[in-house]
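Readers should treat all values here as calculations from the given coordinates under stated rules, not as data from a laboratory. Everything numeric in this text was worked out from a predicted model, so none of it was measured. Note that each Cβ is placed from the backbone with ideal geometry, even for glycine, and that neighbours are counted across all protein chains shown.
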Amino acid sequence: MGRRSVHTADQLRELILEAATGLIEQDGLAGLSAREIARRIEYSPGTLYNVFDNLDDLVLTIEGRLLDRLAAALDEAPASTDAREGVVNLARAYLRFTHDNPKLWNLLFEHHLPPGSAIPPWYQQKLDGLMTRIEQALAPLMKGKDQQALKRAARVLWAGVHGITSLSTADKLSTISGESAGPLVEDLVRTYLAGLEK
């Protein structure tokens with residue numbers, strides 16, 4: 001317990017986030033507990049609740065950081081003068097990111113807030129930012145379509161790509177296909193884009 005005096009509030013917050021992230025990377029959401037985080041950082045479990053409202057608040061913060069990292073990875077996807085290739089490049093970057101961070105990425109879909117709890121506005125903003133990136137990539141292929149159609153297309157495409165990546169990161173893809181995720185994602189995206197352009 002002697003480490004209390006050597007950490008600022010910001011440093012303690014980072015220690016907690018690093019320990020919690022490490023636990024999730026190691027054992028998934030099931031391995032996360034206040035007691036184990038406290039053991040790793042050598043503080044009492046109660047210390048966590050001086051920094052975060054509860055474990056859900058802590059997990060949402062980790063998820064928010066993960067969404068920021070995804071946004072950066074998508075920003076680094078190769079640009080293309082061909083709009084179709086630009087969308088394919090985004091899908092490849094998404095797949096690569098999920099494979100590089102499988103347990104953390106699955107956390108986004110395993111973690112559920114208690115009934116009646118609302119997603120914080122800052123978190124919704126990050127999700128909306130992800131959808132906006134996809135909408136912007138699709139926009140040149142959907143000229144003449146209204147904004148609602150663009151939003152729907154972005155969400156349909158993302159859901160399809162996410163389905164393949166989720167099966168892949170959970171090592172379940174081989175039960176339905178002998179192919180790896182990459183060719184399936186590319187086939188899905190190209191087929192969907194061809195349909196949008198008709």
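Sorted ascending by nearby beta carbons within 10 Å, beginning with the fewest, Met131, Met142 become Met131, Met142. Sorting Leu113, Leu193 by the number of Cβ atoms found within 10 Å of their own Cβ, with the fewest placed first, yields Leu113, Leu193.
Starting with the fewest neighbours, write out Thr81, Thr132, Thr47 ranked by other beta-carbon atoms found within 10 Å of each beta-carbon.
Thr81, Thr132, Thr47
Overall, the ratio between the Cα radius of gyration of the range 53-196 and 2.2 N^0.38 Å, rounded to two decimals, is 1.09.
Checked against a 23 Å cut-off, the cross-linked pairs Lys126/Lys151; Lys103/Lys172; Lys151/Lys172 give Cα-Cα distances beyond that limit for Lys151/Lys172. Taking the helices alone, the chain has a mean residue ellipticity at 222 nm of -23000 deg cm²/dmol, built from -39,500 (n - 2.57) per DSSP H run of at least 4 residues and averaged over all its residues.
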